[in-house]
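Below is one structure; the comments refer to it alone.
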Amino acid sequence: MHLALPVIFRILYGCGLRVSEVVGLRYKDVNLEDGILTIREAKTDRDRYIPLSDSVKEACIGSWERLNLFCFPAPKVAPTRPQN
């Protein structure tokens, strides 16, 4: 997951997305050929189309080597409880 963090931060900052929108991205929502992100059911329950800059697009291309349903899958760890 630590290798995906720079890409996540580039998308957050470069595209102006919310954290929930970035972690919910799926591969089918990312069109690297046209440089467009599709944000499904955003805050207003509508789809949004976000253009990608060249630097964000190149960062995404480098991170797509391992295919998965989600672009940034959560690590497989057990949830922790806060210590009292």
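Only the coordinates and a few stated rules stand behind these numbers; no lab work does. In this text, all values refer to a predicted model and were calculated from it rather than measured experimentally. FYI the Cβ positions are ideal-geometry reconstructions off the backbone, even for glycines, and counts take in every protein chain you see.
Data overview
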item	result
Charge context of Gly35, other residues only, Cβ under 11 angstrom, K/R +1, D/E -1	-3
Amide H contacts under 5 Å for Leu52, placed H, 5+ residues apart	Ile36, Leu37
At 1.567 mPa s and 4 °C, Stokes diffusion of region 3-72 via Kirkwood alpha-carbon radius, µm² per second	108 µm²/s
Approximate spin-label separation Arg40-Ser53, in nm, with each point projected 7 Å along Cα-to-Cβ	2.8 nm
